[in-house]
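The values are calculated or read from the model by the stated rules, or taken from the named source; none is laboratory data. Values in this document were obtained by computation on a predicted structure and should not be read as measured data. A quick note on method: Cβ atoms are made from the backbone with ideal geometry, for glycine too, and the neighbour counts reach across all protein chains shown. When the accessible area is computed, the model is the full protein with side chains, heavy atoms only, and any ligands, DNA or RNA have been set aside. Shrake-Rupley method; radii C 1.70, N 1.55, O 1.52, S 1.80 Å.
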Amino acid sequence: RCADGAALRWCISGTLCASFLGLGMSIAVLGPTFPTLAANVGKNVSDIYYIFVGRSLGSLGGSVVGGVLLDCMNPSLLLAFSMLGTAAGLYVIPWCKQSLVLTILMSVIGGSMGILDTGANVLALYTWGSEVGPHLQALHFSFAAGAFLAPMVAQMDLGSSTSEELAGAEKTNQSVLRSVPTTLAASTTPAPNDHRNESFLWSYIFIGTYILLVSIFFFALFSKSSSSRDKSKASAQKDKLAKYHWPLVGLLFVFFLFYVGAEVTYGSYVYTYAMVFAEMKESEAATLNSVFWGTFAVCRGAAVFGAAFLSPATMIVMSLLCSAASSTTLAFFAHYRAALWVGTAVYGASMATIFPSGIAWIEQYTVVEGKTASLFVVGAALGEMCIPVAVGYLQGRHHHVPVVMYTAFATSMVTVLLFPAMYKLANWPQQRDSQEVSDSETRKTLLSNSRLTEDEEEEEQEREWNDADFEVVEMNNKLKNSLMDTSRRIAGDSPAEISLQPHLDNALGDPPVVADGSPGRQNGSIDWEKSE
């Protein structure tokens with residue numbers, strides 16, 4: 001049974017990684033297929049930006065709904081249905097001819113992805129508990145790998161690839177918006193050739209079929225698992241709920257908002273920064289962008305093994321220190337080419353492990369259920385939506401200011417300050433409780449020592465009383481023998497011996513009783529008078 005349980009846990013972990021691989025491909029495939037989708041609905045690329053808004057709003061709603069449903073039904077079953085919804089949307093999108101229908105489909109897919117993003121993290125926590133660190137890192141590495149593979153899947157049917165399209169291997173909506181200016185001139189008229197349309201059709205079918213197969217594995221896992229067992233496991237952990245659970249969750253919500261916002265912002269705008277401020281060529285700017293996402297993916301893969309030896313807190317601290325150093329370099333020394341390249345590489349690497357490590361870290365101090373995990377995903381989604389938009393607005397108003405670099409520095413400082421506050425809040429009740437336990441143990445020790453002292457005193461007193469009793473008995477025996485010897489020397493067998501016997505008995509405290517019940521001393525006196 002133990003072997004079967006271990007095999008089931010590894011099957012769950014493998015299926016979750018496969019689902020996140022499909023999630024990464026589903027999000028990133030929109031970049032290289034964006035012009036063709038615009039042509040299908042008879043719009044220019046710049047006129048259908050709202051499909052990203054629809055997908056983001058759907059993701060937010062899916063995260064919230066998924067968090068509620070995870071506390072009510074089996075996680076494997078919920079993830080199976082979410083994968084089915086994603087596959088169905090991907091099957092329909094290539095034939096969509098109306099922009100409104102396309103936006104609705106994007107919202108549905110976004111909702112399914114939000115459920116998957118929330119549910120996969122929670123199911124990994126339920127499955128592995130305190131050992132979840134490497135498995136969460138593997139989960140999010142699979143997402144990065146899927147985002148990297150999606151443009152290759154799209155280009156596989158084209159028979160050609162360009163550096164700009166390879167640079168579209170990014171995991172966010174804003175990374176797609178970055179590629180819009182480079183393709184806008186070529187797509188102002190909706191007339192892509194039939195070969196492009198057919199090829200991208202099959203890329204959506206391919207990814208949808210893959211996700212459909214993964215959903216079948218989730219249904220199989222549901223048949224092997226028990227929702228009641230998952231619920232009992234969750235209810236058994238209720239006593240682990242931290243005293244400041246919701247303030248801690250709120251701080252991590254803000255932490256993820258700034259972290260994911262910074263990650264998405266830099267990945268979205270570093271291409272434009274390289275061309276405008278660093279005066280790079282398009283190929284160099286695309287390479288710089290690829291360096292950021294490449295180091296991000298490589299370090300996330302390395303973190304799968306690093307998490308087996310390092311605690312989540314250690315990994316977060318290391319990432320935050322590297323992020324602070326690299327963002328400082330980018331904000332104040334990016335005009336040097338070497339500083340720009342090295343800072344971009346280190347900044348991408350420092351971003352790789354924070355999100356999965358943050359979830360693994362908070363699981364050590366409190367219970368992470370569906371609603372809690374949904375807040376983390378919502379915070380990340382809000383950061384992904386709001387911060388890049390704010391940076392784009394400010395950059396448009398201040399053309400000569402590198403807003404993206406200053407944003408990286410500011411968000412890095414915020415996260416560096418937030419984590420110590422979270423760590424203190426998570427550990428302070430435990431430190432106080434341990435101090436109270438220590439004080440209680442000290443009091444118990446003192447009380448037990450005082451009781452032992454009292455018991456020893458009582459035993460000492462008992463020993464003294466016993467010794468005194470033995471001395472009294474010994475003195476009585478000596479006195480009795482002395483009187484007996486004296487009486488024998490005085491009278492031998494004379495009647496005086498009789499008169500001495502009552503005195504002896506009185507001296508020993510044990511007067512004899514005669515037949516009529518009167519004391520022997522009175523009878524002895526009468527006999528003595530008669531003899532006289």
Qualifying residues in the stretch 86-119 (those that are among the small types (Gly, Ala, Ser) and touching a Phe, Trp or Tyr at 6+ places or on another chain (Cβ under 9 Å)) - the one farthest from residue 214 (Cα to Cα) | 99
Where residue 277 falls short, out of the listed (1) open to solvent by less than 10 Å² (accessible area, probe 1.4 Å); (2) at pLDDT 90 or above = (1)
If we ask which residues in the stretch 102-115 are more than 18 Å from residue 378 (Cα to Cα) and without any contact (Cβ under 8 Å) to a residue 60 or more places away in the chain, their number turns out to be 3
Keeping to the stretch 303-321, report how many residues are surrounded by fewer than 19 Cβ atoms within 10 Å (Cβ to Cβ), of a type in the set (A, V, I, L, M, F, W, C) and touching a helix residue (DSSP H, G or I) at 6+ places or on another chain (Cβ under 9 Å).
-> 7
Just wondering, is there one or more residues in the stretch 366-376 that are in contact (Cβ under 8 Å) with a residue 60 or more places away in the chain, among the acidic types (Asp, Glu), touching a helix residue (DSSP H, G or I) at 6+ places or on another chain (Cβ under 7 Å) and part of a helix (DSSP H, G or I)?
-> no
Look through the stretch 277-301, keep the residues that are in a helix (DSSP H, G or I) and free of Cβ contacts under 8 Å to residues at least 24 places away in the same chain, and return whichever of them is farthest from the chain's Cα centre (by Cα).
-> 284
Just a yes or no: is a residue in the stretch 336-344 modelled with pLDDT of 90 or more and outside any helix (DSSP H, G or I)?
-> yes
Restricting attention to the stretch 328-340, and to residues there that are open to solvent by less than 80 Å² (accessible area, probe 1.4 Å) and of a type outside the set (S, T, N, Q), which single residue is farthest from residue 280 (Cα to Cα)?
-> 331
Tell me, please, whether a residue that is farther than 23 Å from residue 421 by Cα, assigned to a helix (DSSP H, G or I) and modelled with pLDDT of 90 or more can be found in the stretch 348-363.
-> yes
Failed item, numbered, when residue 308 is tested on (1) over 23 Å from the mean Cα position of the chain (by Cα); (2) of a type in the set (A, V, I, L, M); (3) not in a helix (DSSP H, G or I) | (1)
